Structures are given as C-alpha cells and as structure tokens.
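Here the structure comes first, spelled out in structure tokens, and everything after it is commentary.
The values are calculated or read from the model by the stated rules, or taken from the named source; none is laboratory data. None of the values given here were measured: they were computed from a predicted structure. Note: ideal-geometry Cβ built from the backbone for every residue, glycine included; neighbour counts use all protein chains shown.
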C-alpha cells in the first residue's frame, strides 16, 4: 500500500512538473514576464535568458514527471508483492 507520505511526495512532484511545464509554455509566448516580475533584464533583450529558461523548465518538468511515475510504479509493485 502506498502510504500517505508517499502519496504527498508523488503529488508534490506532479505539481512541480505541472508548474514548471506551465512556466515553460508561458515563457514561449510571453518572454518578458521574467523582467516584469523581477525588474531585472539579464540578457538586455536579446532572448538568451528566456531560451535557457524554457529549456531548463521543460527539462525539470520532464524529470519530475518521470520520477513521479517511476516512484508510483515502484511503490505499487512493492505493495502488490507484499
């Protein structure tokens, strides 16, 4: 059986994956949100920081999603075996 703590961990990973994926999509369509939110323009409007941010957020989203799926499958298999 998957315990409550493990369910919370999986939920946190899924929420993190969804949030980072959402921010990656927002950054694709609205690249100036970073400058508006923090008031700082690290790349002086040439787009390099936004491209790196999109790549990083997309990678984080995929990683967290895969980890959540792997942990859920592993714990479900272990619970079924016992």
Are any of the residues in region 51-65 assigned to a helix (DSSP H, G or I), surrounded by 16 or more Cβ atoms within 10 Å (Cβ to Cβ), free of Cβ contacts under 8 Å to residues at least 24 places away in the same chain and within 18 Å of the chain's Cα centre (by Cα)? no
For region 35-47, does any single residue satisfy the condition of being modelled with pLDDT of 95 or more, assigned to a helix (DSSP H, G or I) and either surrounded by fewer than 14 Cβ atoms within 10 Å (Cβ to Cβ) or under 18 Å from the mean Cα position of the chain (by Cα) (or both)? no
Does residue 69 qualify as being assigned to a loop (DSSP other than H, G, I, E, B) and surrounded by fewer than 17 Cβ atoms within 10 Å (Cβ to Cβ)? no
